[in-house]
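*Asks:* One structure follows; several queries about it will come next.
The values are calculated or read from the model by the stated rules, or taken from the named source; none is laboratory data. Fair warning: this is a prediction, and the values are worked out from it, not measured in the lab. Cβ sites come from the backbone with ideal geometry, for glycine too, and all protein chains shown count toward neighbours.
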Protein chains: 2
Amino acid sequence: MRRCLIFFSTGAVTGLFLSNVIDHLHSQRSSRLERNPYLNFIKYGLPSSQNLEYYRQYITSIDYARRIPSWVGYSLSRDYLSKCSFQPKSTRTRSEFQSQCQMVPTEFQATNEDYYDSGWSRGHMAPAGDHKYGSQEAMNETFILSANIVPQDLDNNGNYWQRIEYFTRNLAKQFDFVHVITGPLFIPNEQKSLDADDDFPIKQMTYNVIGENEVHVPTHLFKCVLVENQNQRDMGVGCFVIPNEPIDRNRLLTDFAVSLANVERRTGLHLFHKKIRVDEVPFLCDKTSCELLGKDAMSHELIEQIEYARRVRRCKTMEQLQKLWNEVESKRYATIDKWLTSAYAKRLAELDTQKLKHDD
Amino acid sequence: MRRCLIFFSTGAVTGLFLSNVIDHLHSQRSSRLERNPYLNFIKYGLPSSQNLEYYRQYITSIDYARRIPSWVGYSLSRDYLSKCSFQPKSTRTRSEFQSQCQMVPTEFQATNEDYYDSGWSRGHMAPAGDHKYGSQEAMNETFILSANIVPQDLDNNGNYWQRIEYFTRNLAKQFDFVHVITGPLFIPNEQKSLDADDDFPIKQMTYNVIGENEVHVPTHLFKCVLVENQNQRDMGVGCFVIPNEPIDRNRLLTDFAVSLANVERRTGLHLFHKKIRVDEVPFLCDKTSCELLGKDAMSHELIEQIEYARRVRRCKTMEQLQKLWNEVESKRYATIDKWLTSAYAKRLAELDTQKLKHDD
């Protein structure tokens, strides 16, 4: 009898063990994620669970109604940065903006046509430049519209925001890990009521939506950065809220610093809320200089090229188009993400079709 | 050896069985939900999984950033309606608007103070009147601000929208089940560009946010209704989008009918998307008359009472307040959700405190 009991127990334990193995297989996906250094930030918790997409080097939560991400999160490491400087495995000239998301139903996706001629650039949340090391696929994934792109002011995108991205990336020279959560914000204007009898200010939310899919143009962008050395020593946290407009190059980064709680209230998200009391982590700019480098790093040329692409699309006649294109070529402007030449080719074809119709 | 194998197998099966029991306990909650007739709509799938809250008679998905629900879903049945007419178990005069949500962190909650003096009423998404039968607790739960309430135009709330709610409820006289998903919408204005050179219209999103917590005021409200008789026969679906403003009483409900796909694109939600091809379900107004009853059901008095409450709060002196209150009393206005008398009592106390300070 005793033997039987032993065998029974062994069997039971095996059964429970089998059940655990099944559970384990289920959870393998999440443990794979934990081993991905770019997704290291998830140990501090995901800000929300709405429409998550897991890419090679970032995680995004997509706002289906607005056709943009609510937030995008990824991590950099000192190790990554050193590899990246010497042996980048990908280049952004081989990437193209694409609307195809893994899981997002077509009717909730932004398209290149929405951005086309809108006056707004396609701003990366996880910067392409932070994903040079890994694979071309990983970089390509940062160009997926609804997942990682928001309509961003041209000058802001090419200048001040890019300097903030340089700054963030360079933090990985000083700290072992840099965790970044970044995304769009919608902040209302405060207005005095027109009603003289009324003491209460009225706040109004005002922003543009672009294209047929009505992609929402954020009023601001936020970037929250958590840095740490091994074993969670020497941590620092900084949150910055930048208006989605040209920013004077002399403005200090600290001018835009806000508390993490401020960003949380605005976004309805909880950031870095697991395992640490983030309100007890020192301010990033007390741990390191928050001085932005490269004031003049971004040339006026990039802005001008994008402006040319816009003008190309507005040409009403072949003559106008050809004249403008001569000007572009005389300036020896290279293509930016193939935008400029493809805009030219497209307009050329359109005007050609119109001409044919007139000739008929 | 054979005996051992038998015992081993029995043990293994028991272990697997135990594991299943644990799973079963885990899933009990969801099967409880399925048995709740008010939550019957979930058999057609939940529109999203963001910040869900399960109440006795409705399910809500809360938009933490906007401090309002994204959608609220519930079901009515013919059976429910007949019980309700004869033996209501609760009354709205015993309910009070409350900010306390089960799970919503305080920083993401709307409060009564946000609505106070905002000029916007607190509009139910799952109407209190649809939850008379059940318990007082169930009705009280429809008064939870972030979960079921949005800022709604006073006249819209008290007139046209209420007539749509009557209409929806009465559908349960004709059909066995009525599934309702309702919520706020944010729709941009189309504007012609000011730039004469520009052929592309610019769309702008404009709406108010109220109170310290910046509760977002929707531009429109939507209500999608799926009706069915037993065994999914005789189904019908109707979606209506109503501007959040006074609506002329002569407007037909069909004037506001839109496709389900239209609401889905606006909200980023998929509605009634499981088990049926909802695009093949006939239009509700082809199955039943969509004529709204009770054109004059809502008196001007309700609107006037709420306006009185607003004026009470703005009184600058005791004399003003007393004069106004005499007017209120002369009209024999009863309280609406205790709003009017509590506003009076509060303002009385405030002016009294001010008077004491002046006397010091």
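*Asks:* In segment B:326-337, which residues are modelled with pLDDT of 80 or more and touching a helix residue (DSSP H, G or I) at 6+ places or on another chain (Cβ under 6 Å)?
*Replies:* Correct list: B:Val328 only.
*Asks:* Scan segment A:134-151 residue by residue and report those that are buried (at least 23 other Cβ atoms within 10 Å of the Cβ) and modelled with pLDDT of 90 or more.
*Replies:* A:Glu141, A:Thr142, A:Ile144, A:Leu145, A:Ser146, A:Ala147, A:Asn148, A:Ile149, A:Val150, A:Pro151
*Asks:* Quick check on my filter: what residues within segment B:99-111 are more than 14 Å from chain A (Cβ to nearest Cβ) and within 29 Å of B:Val312 (Cβ to Cβ)?
*Replies:* B:Ser99, B:Gln100
*Asks:* Another one. At least 1 residues that are within 14 Å of another protein chain (Cβ to nearest Cβ) in each: list the helices (runs of 4 or more DSSP H) lying fully within segment B:112-165 that qualify.
*Replies:* B:112-115, B:145-148
*Asks:* Which of the residues belonging to segment B:248-283 are hydroxyl-bearing (Ser, Thr, Tyr) and buried (at least 16 other Cβ atoms within 10 Å of the Cβ)?
*Replies:* Scanning segment B:248-283 gives a single hit, B:Thr267.
*Asks:* So, one more: Could you grab me the full set of residues in segment A:253-286 that are more than 18 Å from the chain's Cα centre (by Cα), closer than 18 Å to A:Tyr44 by Cβ and among the aromatic types (Phe, Trp, Tyr)?
*Replies:* Once the filter is applied, which keeps residues that are more than 18 Å from the chain's Cα centre (by Cα), closer than 18 Å to A:Tyr44 by Cβ and among the aromatic types (Phe, Trp, Tyr), segment A:253-286 yields only A:Phe283.
*Asks:* Okay, next question. Can you name the number of the only condition in (1) under 20 Å from A:Val263 (Cβ atoms); (2) touching a strand residue (DSSP E or B) at 6+ places or on another chain (Cβ under 7 Å); (3) more than 14 Å from chain B (Cβ to nearest Cβ) that A:Phe186 fails?
*Replies:* Only one criterion is unmet by A:Phe186, namely (3).
*Asks:* For segment A:195-211, which positions are facing chain B (nearest Cβ under 10 Å) and either modelled with pLDDT under 90 or not in a strand (DSSP E or B) (or both)?
*Replies:* Hits for segment A:195-211 are A:Asp195, A:Asp197, A:Asp198, A:Asp199, A:Phe200, A:Ile202, A:Gly211.
*Asks:* To continue, here is another question. Test of understanding: among A:Thr288, A:Thr341, which residue is at pLDDT below 85 and surrounded by 12 or more Cβ atoms within 10 Å (Cβ to Cβ)?
*Replies:* Within the list A:Thr288, A:Thr341, the selection yields A:Thr341.
*Asks:* When segment B:33-49 is examined, which residues are found to be within 14 Å of another protein chain (Cβ to nearest Cβ) and either closer than 11 Å to B:Gly183 by Cα or surrounded by fewer than 23 Cβ atoms within 10 Å (Cβ to Cβ) (or both)?
*Replies:* Across segment B:33-49, the qualifying residues are B:Gly45, B:Leu46, B:Ser48, B:Ser49.
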